[in-house]
Amino acid sequence: MASILLLNGPNLNLLGQREPEVYGRDTLADIERRCRDQAERLGHELACRQSNSEGGMVDWLQQNAPGAQYLIINPGAYGHTSIALRDALLGLALPFVEVHLSNVHAREEFRRSFMLTDVAVGCISGLGAQGYLLALQFVAEQLREGR
Ligand code: DQA
């Protein structure tokens with residue numbers, strides 16, 4: 001059994017009510033529950049966290065990365081701006097998959113700069129809540145292969 005982290009960034013606590021035409025109608029609690037259930041089926045443990053602050057995300061990563069094998073992160077807007085998150089992820093050397101509910105490549109120009117994507121194992125963008133489950137499936141496969 002491996003320990004997988006799921007970290008969601010700013011405003012993702014508002015999922016379900018926040019621009020549902022862009023981000024869907026599932027709440028974060030719905031998504032986390034589905035991910036926990038799937039992780040359990042795959043034989044892994046999933047620790048979930050959401051934070052609206054950059055420092056809160058960095059702190060949680062520093063506290064939880066030791067002992068974890070993989071991270072799935074939707075950094076929200078910080079994915080476009082945060083050197084601090086990038087540094088934390090590089091410093092902790094925890095492999096991660098970046099997830100965005102919306103297709104950030106098909107939106108405003110300012111969403112096309114990426115602070116984390118080039119150091120991620122991969123990125124899923126535009127597949128809605130299903131992106132998290134697909135990321136989890138990929139992570140479980142990686143862990144099975146010992147990566
Ligand atoms: C997001 C995309 C970001 O550009 C935005 O700032 C978010 C959500 C997504 O999941 O599609 O907060 O990460």
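Every number here is computed from the coordinates shown, using simple stated rules; none is lab data. From a predicted model like this one, the values you see are computed outputs, not experimental measurements. Every residue, glycine as well, gets a Cβ built from its backbone with ideal geometry; the counts of neighbours run over all protein chains shown.
Karplus-derived 3J(HN,Hα) values for the stretch 39-45, using 6.51 cos²θ - 1.76 cosθ + 1.60 with θ = phi - 60°, are 4, 4, 4, 7, x, 10, 9 Hz; glycine and proline are entered as x.
Taking Lys and Arg as +1 and Asp and Glu as -1, the other residues whose beta-carbon sits under 9 Å from that of residue 6 total +1. The separation of the stretch 17-61 from the stretch 90-147, counted between C-alpha centres, amounts to 13 Å. Ranking 85, 122, 55 by how far each Cα lies toward the positive end of the dipole of the stretch 55-123 (charges on Cβ) leaves 122 at the top. Using the Cα gyration tensor of the stretch 39-147, with a ≥ b ≥ c the square roots of its eigenvalues, what is the shape: rounded (a/c below 1.5), prolate (a/b larger than b/c) or oblate (neither)? Oblate, because a/c is 1.5 or more while a/b does not exceed b/c.
Ordering of 33-39, 116-122 by packing is 33-39, 116-122, highest average first (other Cβ atoms within 10 Å, averaged per residue). Working from Cα pairs under 8 Å separated by at least six residues, relative contact order for the stretch 47-147 is 26 percent. Across the stretch 1-108, the relative contact order, built from alpha-carbon pairs under 8 Å that are at least six residues apart, equals 36 percent.
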